[in-house]
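We did not get these values from a lab; they are worked out from the coordinates using the rules stated. Because the structure is a prediction, the values reported are computed rather than measured. Cβ: placed from backbone, ideal geometry, glycine included. Neighbour counts: every protein chain shown.
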Amino acid sequence: MEKLIERFIFVSRWLMAPFYIGLAIALAILLVKFGVELVHFVTHAFSSTETDIILGILALVDLTFTGSLVVIVIFSGYENFVSKIDSHGHADWPEWMTKVDFAGLKQKLLASIVAISAIALLKSFMNIDKGGLDDRQLYWLVVIHVVFVVSGLVLAWTDRIADKGHGEGGH
């Protein structure tokens, strides 16, 4: 009975596969949004102010970071929780894809979220003269960004402590 339960639990990891397929579909939708933003950026470039150009570039960078975040989650999550991906025969296979463990995945995710938050905050600061946000909204954007940064530092610190504990006591 125990072996049957363990086998069922082990096989149940495949229930995560549709989540990663869904994220791949979401990545395609994000690509469409990126294309729309790029066309808008290019078609309005010559009539835009310097601030508008910078904001347009930041919007494209923001979408790119978000896409990168989704790719990290898809590959690392699938590798860590479902099954190893055979990278042999793929000359351009990125080195990191088969080397990101769960702790590394958490760090990459939080670093990406901090970068996305920083871009959103910068965009908000650059829109101050257009009356986009009031002081209270801007305050909360800063607070949320600081929470992300502090969370990243705490996560890195706890992972470092955990790594030291594994080093002393062995695996």
Practice prompt. Based on the mean of other Cβ atoms within 10 Å per residue, sort peptides 102-112, 28-38 so the most packed one is first.
Written response: 102-112, 28-38
Worksheet item: Relative to the longest principal Cα axis of the chain, at what angle does helix 17-44 sit, 0 to 90 degrees, rounded to 10?
Response: 20
Worksheet item: In degrees from 0 to 90, rounded to the nearest 10, what is the angle of the helix 50-81 Cα long axis to the longest principal axis of the chain?
Response: 10
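What is the extension gain from I128 to I21, computed as 0.36 nm multiplied by their sequence separation minus the C-alpha to C-alpha distance, in nm to one decimal? Provide the component values of the computation, followed by the final result.
Values: separation 107, 0.36 × 107 = 38.52 nm, distance 3.92 nm.
Difference between extended and current length: 34.6 nm.
Can you tell me the order of 43-54, 67-78 when each peptide is scored by its average per-residue count of other Cβ atoms within 10 angstrom, highest first?
Ranked from most to least packed, the peptides come out as 67-78, 43-54.
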Practice prompt. Mind ranking 56-64, 79-87 by how tightly packed they are, going by the mean number of other C-beta atoms within 10 angstrom, highest first?
Written response: 56-64, 79-87
Worksheet entry | Folded to 0 to 90 degrees: helix 135-169 orientation relative to the chain principal axis, Cα | 30
Worksheet, complete the sentence: XL table K84/K108; K123/K164; K33/K108; K33/K106; Cα-Cα > 31 Å flagged, in table order, is K123/K164
Worksheet entry | Kirkwood-Stokes translational diffusion coefficient of the chain, alpha-carbon pairs, 37 °C, 0.692 mPa s, µm²/s | 170
Discussion item. Suppose the chain between T49 and D135 were pulled fully straight at 0.36 nm per residue; how much longer would it get relative to their current alpha carbon spacing?
Written reply: 28.6 nm
